[in-house]
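To start, the structure under review is shown below, and the notes come after it.
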């Protein structure tokens, strides 16, 4: 293992390029291209602000993805704690210096980008916990003493994000963290305890929810309750997708989005717009690309030797899949509107940055799969 | 670095747990794909409809209303081009200064400006606000002159109702804006709510509203989520409403209105065979055009506070005791019931005492010995007290109802009143008291509880004049049925040639074909002949209003008391003119013309006009003259079978 590891550690750039997972890279690129078209449509068929900005971001972050991939996995392993702490610090800064938009304080105004640290935390927490469980032995996993640190590492960012308030993102952060804990082998009973605790504290938590959050949950349970209020989004999204039919209304012909019936069409509802214009076949194509990406990440997880790499890849694959499922479930009216972007396709720098970073580390696992960790 | 053995078991555990997660993912994939299938394939049709509902919105606009013409095709109510000014707030550069400029150009009042501003704030900035829906030509041209400085303002040429003269205001009615009550009453209006649409409120405008209103046109626009129009998709011009030709003669309407000028009252003229209402005028009149664009408060107050109630159609809503005009019916009823015969005489001394009450004849000195013909001709009250006493109120009321009193005359006129034909049952039910014999005597000369409309009196008289056949009054010509309407006239004409032997056969035939109102037509003919005396013989009540040879007609005067005279007033011989206006008698007159081969019936009522012979008969005389002069013209129209 040492021997092979030392050989592998001297990879040339050529080796690294050939080490890339081609299916994954092509799928990412295809989703990127699809998102250009979708964004062009949201701009009303013009090469306008959102489209330009989205393409630029994709190019920058796609390049970043390659750079991250080529960096040794050991570097990411060693930097896991600092990365986590920096993002945590940013989250604390958001509390004090963050920009507020539509009642929620989520963004840090940097000069070139409005950064949303909660998006980065989705990847940061997985990275942190993967390293944590890599280091402790399997015998220690279920000792209560060893459960305290991950629980704290998970709860602090979740609480910080929930109070922004941003229910959707905090749920996705928590979910990513829990997947790592689960994969590491923590017994079912601890999850049961946590679940019970959650159930009992839910009524208290609900009393802290903002009225709009309560109404979202109630509206999901019965969308006709408030057809022009919170239920409006679900209803209009379903109309758009349903009216797309088998083949869609055609590129730039999505009347629902063109006539402004679709809310947040650049961001959370980008899939709705695409689905209206390209129909069932288009939707299935996008969904399959996402499944393909998930499958490739899991596949990379299989091939990685280290438990850090495995934990990271499996967890990120699961988290990535859940981001997609939550967004689609939301626009299809299967779950409440929680405010979760669709990876790569949704307009938004921080979300794309986080996904590209996350996928970059996955790719680094693939390229440096034989490298020793520690 | 971890030991490889520990790492091995750990990695196996991770793999196992990942397998469970993958299974869960598969379930989610099925969920999402299933949902996509259900939305985009199974329920696609439903959502496509919903999407179109979102996408398109219709703006309705009012079609031109059907035209109302008189018998000769002259327009009574039609449409004219109006110049409107619409403002689209969104298009204005500076709304306040624009409104200020418009205020100066059009001399708008502060109140009007306030209303416009309130309207603007209550609707979307791209919805047009109507600044004025009826600009004068000079205002319109002034606006067009300044148009380049008035961004956001649109001059629009539209159509609106116009009424050509006031004499037919009551029978034609008027249109106005749709009210909540209209929407409840008229179901067809629900799909008709277009900007600027008007609905008939009274008269024929109301009766024929559903046919005349036409089909609403619409423009279909694609709209965005905020309701803003993006582009026009389709346009439907709508359809003009159905036009109607009426039985009215505009010339007679105008003449009648002219004759009633300064008086309150009404003139009705009817074809005695066809039931065609040739004139139906109520006075004073009003300008129905004022209602089309919304009547102003001052005009409205003036109309409703006017002593003579200009808005009431007195021809069908004015209720008057018939006075002596009822005597024809009393005579017919008594003869038909064999209570008396034409030869029976009574002595009139000017008054009679019965049941402890004193009953007076209008002629203080008395008529002396009177038979029935003289009683009708000179309108002797004492004679008819006697007849009524023997006849009884219940038998009289049956005959009166047969001849049309107490019934609605014209369909679809909500403002029409039924009136009262009194009898013992009626009094018990409505007043809760039993009938006094004295009341029978009052009823016998058309006083007391009687309430009749001028049109009812006209119909009553028409059915006497045509020989006792039931007819139905009508205002609107009907192309398909015109032949049927001519047949009664033909039948009466043919009947003259029947011999006595075949006469009874004709009665059987007429009973089968027409509803006859008599048992013995001789009784009707007797009354008609007596009425000839009333107008054309010395001593007749309307002798002063007779017409020369070619226009000879026959009529019955009536003077109905508004209040009962006290014995003291009778002694003082107080003249009608000396009483306060409200207490003066109503003057009535019914007549048919020409006397030989009658064709038309007329009723005239002048409220508080005094005696029928002085106030009502002279009006009737002039109308009858004009009517007979125009008879040939009317016949020609009919024979030519001109387009109806």
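Numbers for the structure displayed
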{"item": "Checking residue B:59 against (1) more than 10 Å from chain A (Cβ to nearest Cβ); (2) at pLDDT 85 or above, the condition it does not meet", "result": "(2)"}
{"item": "Residues of the stretch A:259-283 satisfying the condition of being closer than 22 Å to residue B:231 by Cα and part of a helix (DSSP H, G or I)", "result": "A:273, A:276, A:277"}
{"item": "Checklist (1) modelled with pLDDT under 90; (2) away from chain B (no Cβ under 14 Å) applied to residue A:152, failing item", "result": "(1)"}
{"item": "Check on residue B:626, more than 26 Å from residue B:493 (Cα to Cα) and in contact (Cβ under 8 Å) with a residue 60 or more places away in the chain", "result": "no"}
{"item": "Condition check for residue B:25: closer than 30 Å to residue A:329 by Cα, surrounded by fewer than 15 Cβ atoms within 10 Å (Cβ to Cβ), touching a helix residue (DSSP H, G or I) at 6+ places or on another chain (Cβ under 8 Å) and within 14 Å of chain A (Cβ to nearest Cβ)", "result": "no"}
{"item": "Top-ranked residue in the stretch A:127-140 [being surrounded by 19 or more Cβ atoms within 10 Å (Cβ to Cβ) and within 14 Å of chain B (Cβ to nearest Cβ); ranked as modelled with the lowest pLDDT]", "result": "A:138"}
{"item": "Residue tally, condition within 14 Å of another protein chain (Cβ to nearest Cβ) and part of a helix (DSSP H, G or I), over the stretch A:164-184", "result": "8"}
{"item": "Members of the stretch B:351-373 found to be touching a strand residue (DSSP E or B) at 6+ places or on another chain (Cβ under 7 Å) and free of Cβ contacts under 8 Å to residues at least 40 places away in the same chain, listed by number", "result": "B:351, B:352, B:361, B:366, B:367, B:368, B:369, B:370"}
{"item": "All positions within the stretch A:264-280 that are more than 21 Å from the chain's Cα centre (by Cα) and more than 9 Å from chain B (Cβ to nearest Cβ)", "result": "A:277, A:278"}
{"item": "Residue A:342 vs. criteria over 19 Å from residue A:16 (Cβ atoms), within 14 Å of chain B (Cβ to nearest Cβ), without any contact (Cβ under 8 Å) to a residue 12 or more places away in the chain and part of a loop (DSSP other than H, G, I, E, B)", "result": "no"}
{"item": "Index of the failed condition, residue B:17 passing every other in (1) assigned to a helix (DSSP H, G or I); (2) more than 7 Å from chain A (Cβ to nearest Cβ)", "result": "(2)"}
{"item": "Residue in the stretch A:291-301 that is within 12 Å of another protein chain (Cβ to nearest Cβ), crowded, with 24+ Cβ neighbours inside 10 Å, in contact with a helix residue (DSSP H, G or I) (Cβ under 7 Å, 6 or more places away or on another chain) and over 22 Å from residue A:65 (Cα atoms) present", "result": "no"}
{"item": "Sole exception among (1) touching a helix residue (DSSP H, G or I) at 6+ places or on another chain (Cβ under 9 Å); (2) closer than 23 Å to residue B:356 by Cβ for residue B:428, by number", "result": "(1)"}
{"item": "Residue B:22 vs. criteria at pLDDT below 90 and not in a strand (DSSP E or B)", "result": "no"}
{"item": "Residue B:200 vs. criteria more than 29 Å from residue B:308 (Cα to Cα), touching a strand residue (DSSP E or B) at 6+ places or on another chain (Cβ under 8 Å) and not assigned by TED's automatic domain parsing to the domain that holds residue B:417", "result": "no"}
{"item": "Qualifying residue in the stretch B:161-182 (condition: out of contact with any strand residue (DSSP E or B) (no Cβ under 6 Å at 6 or more places or on another chain), away from chain A (no Cβ under 14 Å), in a helix (DSSP H, G or I) and surrounded by 21 or more Cβ atoms within 10 Å (Cβ to Cβ))", "result": "yes"}
{"item": "Subset tally (residues that are surrounded by 24 or more Cβ atoms within 10 Å (Cβ to Cβ) and within 23 Å of residue B:162 (Cα to Cα)) for the stretch B:265-304", "result": "9"}
{"item": "Flag if residue A:242 is part of a loop (DSSP other than H, G, I, E, B), at pLDDT 90 or above and buried (at least 19 other Cβ atoms within 10 Å of the Cβ)", "result": "no"}
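Listed here are the residues, each with its yes/no results for (1) surrounded by fewer than 24 Cβ atoms within 10 Å (Cβ to Cβ); (2) more than 22 Å from the chain's Cα centre (by Cα).
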{"site": "B:418", "(1), (2)": "yes, no"}
{"site": "B:424", "(1), (2)": "yes, yes"}
{"site": "B:428", "(1), (2)": "yes, yes"}
{"site": "B:441", "(1), (2)": "no, yes"}
{"site": "B:444", "(1), (2)": "no, yes"}
{"site": "B:449", "(1), (2)": "yes, yes"}
{"site": "B:452", "(1), (2)": "no, no"}
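Every residue, every condition in (1) buried (at least 18 other Cβ atoms within 10 Å of the Cβ); (2) in contact (Cβ under 8 Å) with a residue 24 or more places away in the chain; (3) within 30 Å of residue A:288 (Cα to Cα); (4) at the interface with chain A (Cβ under 10 Å from one of its Cβ atoms), yes or no:
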position: B:13; (1), (2), (3), (4): no, no, yes, yes
position: B:30; (1), (2), (3), (4): no, no, yes, no
position: B:33; (1), (2), (3), (4): no, no, yes, yes
position: B:41; (1), (2), (3), (4): no, no, yes, yes
position: B:48; (1), (2), (3), (4): no, no, yes, yes
position: B:69; (1), (2), (3), (4): yes, yes, no, no
position: B:77; (1), (2), (3), (4): yes, yes, no, no
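Okay, residues lined up against (1) in a helix (DSSP H, G or I); (2) closer than 30 Å to residue B:386 by Cβ:
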{"residue": "B:415", "(1), (2)": "no, no"}
{"residue": "B:422", "(1), (2)": "no, yes"}
{"residue": "B:447", "(1), (2)": "no, yes"}
{"residue": "B:459", "(1), (2)": "yes, yes"}
{"residue": "B:464", "(1), (2)": "yes, yes"}
{"residue": "B:489", "(1), (2)": "yes, no"}
{"residue": "B:493", "(1), (2)": "yes, no"}
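Residue-wise test of (1) in the same structural domain as residue B:445 (by TED's automatic domain parsing); (2) touching a strand residue (DSSP E or B) at 6+ places or on another chain (Cβ under 7 Å); (3) surrounded by 16 or more Cβ atoms within 10 Å (Cβ to Cβ).
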{"residue": "B:306", "(1), (2), (3)": "yes, no, no"}
{"residue": "B:314", "(1), (2), (3)": "yes, yes, yes"}
{"residue": "B:317", "(1), (2), (3)": "yes, no, yes"}
{"residue": "B:335", "(1), (2), (3)": "yes, no, yes"}
{"residue": "B:348", "(1), (2), (3)": "yes, yes, yes"}
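Table: residues versus (1) surrounded by fewer than 22 Cβ atoms within 10 Å (Cβ to Cβ); (2) facing another protein chain (nearest Cβ under 7 Å).
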| position | (1), (2) |
| --- | --- |
| A:252 | yes, no |
| A:258 | no, no |
| A:287 | yes, yes |
| A:310 | no, yes |
| A:321 | no, yes |
| A:333 | yes, no |
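The values are calculated or read from the model by the stated rules, or taken from the named source; none is laboratory data. All figures in this text were calculated on a predicted structure; none of them were measured in a lab. When we count neighbours, we look across all protein chains shown, and the Cβ atoms used for this are built from the backbone with ideal geometry, even at glycine.
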